[in-house]
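For reference, the structure is listed below as C-alpha cells.
The values are calculated or read from the model by the stated rules, or taken from the named source; none is laboratory data. Treat the numbers as computed from the prediction; the structure is a model and nothing was measured. Positions of Cβ are generated from backbone atoms using ideal geometry, with glycine treated the same way; all protein chains shown enter the neighbour counts. The protein model used for the area step is the full one, side chains on, heavy atoms only, and it has no ligands, DNA or RNA in it. Shrake-Rupley method; radii C 1.70, N 1.55, O 1.52, S 1.80 Å.
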Amino acid sequence: MPYVILTLQNERSGSIKIIVFGATGGVGQCVVKQALERGFEVTAFVRTPSKLQVKHEQLHIIQGDGFNRVEVTQAIAGHDAVVSCLGSSQGMKKSTELAEMTKNIVDGMMDHKIYRIVYTASAGIHNEIPGISGKLVMKMLKNALIDHQGAVNYIVANKLNYTIARPMGLTNKPLTGQYRESATSVPDKSKTISRANVADFIVKALGDSTYDCSSIGIAD
C-alpha cells in the first residue's frame, strides 16, 4: 500500500497529532517539548508517567508497554504520525527489544492506516562511519546496531513513509538548531550531536517532504 504524505495542517483539528514512543528518554523529552512549542498535539506513550518532565495543555499521556501489541495499537489510533525514540534496556548486550517494539508500532500503524514515522536509530546502522575510529565505534555498538537495523528493516519492508535519524554520539548540550546532515554517510569529521538538536531534526522532518523515505546522518 502506498504511503500518505503528511501535510502541515490536519483537517480535523488544525494541528498535526503525533504520538511519541520513548518519550521519557533524553531525546524523547526534547521531542515532546519542541513539538508542543511548534503547535503539534502530542501524545506521550510511556511506561512511567512520572518520568515525563513536560506539562502542556496539548500533551496527552498514555501509560503502556511497548511490548504489548494491543496497548500500542490502541494508543496509535487517531494520530497523523509516529515518532520513535525508543532505547533498549540491554545496553551493549545482544537484544531484539527495539525490533520487537518497532514491530508492534508498525503493525499498529498499518491497522489504523497511519504511514508517517520518524525513527531514531544510530549512526553506524549502515556501516557508514568512516575510519579506524568509526570501525571501533561500530564494533562496540554492534549489538545495538543490529537491533536498530532489524527495526528499520521492518519499517522499510512495510512501505511506510519513514525518516530514519542516525545521530552520532549524544550529548546534553543545549539546542542550537545548527547541525549537519548526510543522506549517504555521516557528516564529515563528526563525533557528537546534542539530544536537543536531534529532536529539532525529528520535529523538522515531520513536516518536510524532503525527508520522506530517507535515512539521514546528523551531527553538530
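So what is the relative contact order for the range 79-118, in percent, with contacts set as C-alpha pairs under 8 Å and at least six apart?
Numbers: 21 pairs, mean separation 26.0, N = 40.
Taking the mean separation of contacting Cα pairs over the length of the range 79-118, I get 65 percent.
Which of the trypsin sites (Lys or Arg not before Pro) across the range 90-184 are loop residues per DSSP, with 11 or fewer other Cβ within 10 Å? For trypsin sites (Lys or Arg not before Pro) across the range 90-184 that sit outside H, G, I, E and B with at most 11 neighbouring Cβ atoms in 10 Å, the list reads K93, K94, K113. Solvent-accessible area assigned to carbon and sulfur over the range 135-220 amounts to 56 percent, based on a 1.4 Å probe.
Distance distribution P(r), the range 80-220, all Cα-Cα pairs, bin width 5 angstrom from 0: 2, 11, 20, 23, 22, 15, 6, 1, 0 percent. Between Q178, F201, V82, the Cα set farthest toward the positive side of the dipole of the chain (charges on each charged residue's Cβ, about the Cα centre) is that of Q178. Treating r as the C-beta distance of A77 and Q178 and R0 as 41 Å, the FRET efficiency rounds to 0.65.
If I take every Cα pair under 8 Å that is 6 or more residues apart in the range 84-200, average their sequence separation and divide by the length, what percent do I get for the relative contact order?
Numbers: 154 pairs, mean separation 34.8, N = 117.
Once divided by the residue count of the range 84-200, the mean separation gives 30 percent.
Solvent-accessible surface of the range 75-163, averaged per residue with a 1.4 angstrom probe and all protein chains in place: 44 square angstrom.
Counting only helical runs of four or more DSSP H residues, what would the 222 nm mean residue ellipticity of the chain come to if each run contributes -39,500 (n - 2.57) and the total is spread over all its residues?
On the way: 6 runs with 73 residues, N = 220.
Helix contribution divided over all residues of the chain: -10500 deg cm²/dmol.
Suppose every K and R has +1 on its Cβ and every D and E has -1 on its Cβ; what is the size of the dipole of the range 69-220 about the Cα centre, in Debye to the nearest 20? It would help to have the intermediate numbers written out before the result.
Details: 17 positive and 14 negative charges, 106 e Å.
The calculation lands at about 500 debye.
The Cα atoms of the range 58-132 give a gyration tensor whose axes a ≥ b ≥ c have a/c of 1.5 or more with a/b greater than b/c, which makes the shape prolate. The stretch between S209 and D188 holds 5.1 nm of extra length on full extension. This uses 0.36 nm per residue minus the Cα-Cα distance.
For the pair Q63 and S89, a Förster radius of 22 Å applied to the C-beta separation gives a FRET efficiency near 0.80, rounded to the nearest 0.05. With contacts taken as Cα pairs under 8 Å at a separation of at least 6 residues, the chain carries a relative contact order of 21 percent.
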